[in-house]
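**Student:** Dumping the structure here so I can ask a few things about it.
The values are calculated or read from the model by the stated rules, or taken from the named source; none is laboratory data. If you're wondering where the values come from, they're calculated on a predicted model, not measured in any experiment. Virtual Cβ from ideal backbone geometry, glycine too; neighbours counted across all protein chains shown. Side chains are part of the model used for accessible areas, which takes the heavy atoms of the whole protein and leaves out ligands, DNA and RNA. Shrake-Rupley method; radii C 1.70, N 1.55, O 1.52, S 1.80 Å.
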Amino acid sequence: MTSHAWIPTRRRLADTVPAVLAPVCACVLALGGLAVWTATGNAGSPADIDVTEARLYLPAEGTPETAAFFRITNTGGSDDRLLSVSSPRVSGDIALSRHEMTTGGAAYRQTADSLAVPAGDTLDMSPLTSDVTVPADGDWRTGDLVPFTLRFEHTGRVGALAVVVRPGTE
């Protein structure tokens, strides 16, 4: 069998150029569009979490648990989720909770796996919305500062100092 070498002829080049140019042009167009989309800010930005107004209710005597509240602001362009809260000054499990209403108008607390912090919005925890359920410590006094670490899905860990307050005085 005789071997035939590929010889570039005008006809072969004319047939090859469109086959090569089509995917190259598609890639250049896609990359250009993505660059413009990103440069104009439409690609979004990561979540930017700030935790403020951290407070921890002084537990009533004999009460096994109390609640902590945080104001969590997300000034970024992407949603985030609060996944967990921990503290070196708390022994026992800390849980995220939502407050729900029954059809009869009674309120109850429901454990939550996570709490959403939408982009450009604030999660303002309160006795009427959501909180962090914390095992009570009889050594806490009004004005004490209790360190907490809040763990977010995208932002990671954010520290906060919660001031111990009497319920209803914040």
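**Student:** Rank Val132, Ile72, Thr142 by how far each Cα sits towards the positive end of the charge dipole of the chain (+1 on Lys, Arg Cβ; -1 on Asp, Glu Cβ) and give me just the farthest.
**Tutor:** The residue sitting most towards the positive pole is Ile72.
**Student:** Then there is this: Skip the ligands, DNA and RNA, and give the accessible area per residue of the chain with a 1.4 Å probe, whole Å². Don't skip to the answer; put the middle values down first.
**Tutor:** Details: 10830 Å² over 170 residues.
On a per-residue basis, the chain sits at 64 Å².
**Student:** When the chain is modelled as a GNM with alpha-carbon springs shorter than 10 Å, which of Asp50, Asp93, Asp131 fluctuates the most?
**Tutor:** Ranking Asp50, Asp93, Asp131 by mean-square fluctuation puts Asp93 first.
**Student:** Points 7 angstrom from Cα along the Cβ direction at Asp121 and Leu34: gap in nanometres?
**Tutor:** Result: 2.9 nm between the two label points.
**Student:** Kindly identify segment 90-170 as rounded, prolate or oblate by the Cα gyration tensor criterion: order the square roots of the eigenvalues as a ≥ b ≥ c, call it rounded if a/c is under 1.5, otherwise compare a/b with b/c, prolate if a/b is larger, else oblate. Please report the intermediate quantities before stating the final value.
**Tutor:** Values: a/c = 1.67, a/b = 1.11, b/c = 1.51.
Because a/c hits 1.5 or more and a/b fails to exceed b/c, segment 90-170 counts as oblate.
**Student:** Along its three principal axes, how long is segment 124-170 when you only count alpha carbons? Whole Å, largest extent first please.
**Tutor:** 33, 24, 18
**Student:** Pairing the Cα long axis of helix 10-39 with the longest principal axis of the chain, what angle in degrees results, from 0 to 90 and rounded to the nearest 10?
**Tutor:** 20 degrees
**Student:** Which one is right for this structure if percent of Cα pairs over 25 Å apart is calculated from it: [x] 31; [y] 52; [z] 45?
**Tutor:** [y]
**Student:** Work out, step by step, the length gained on full extension between Ser45 and Ile94: first 0.36 nm times the residue separation, then minus their alpha carbon distance; give nm to one decimal. List each step's numbers first, then the result.
**Tutor:** Details: separation 49, 0.36 × 49 = 17.64 nm, distance 3.06 nm.
Roughly 14.6 nm would be gained on extension.
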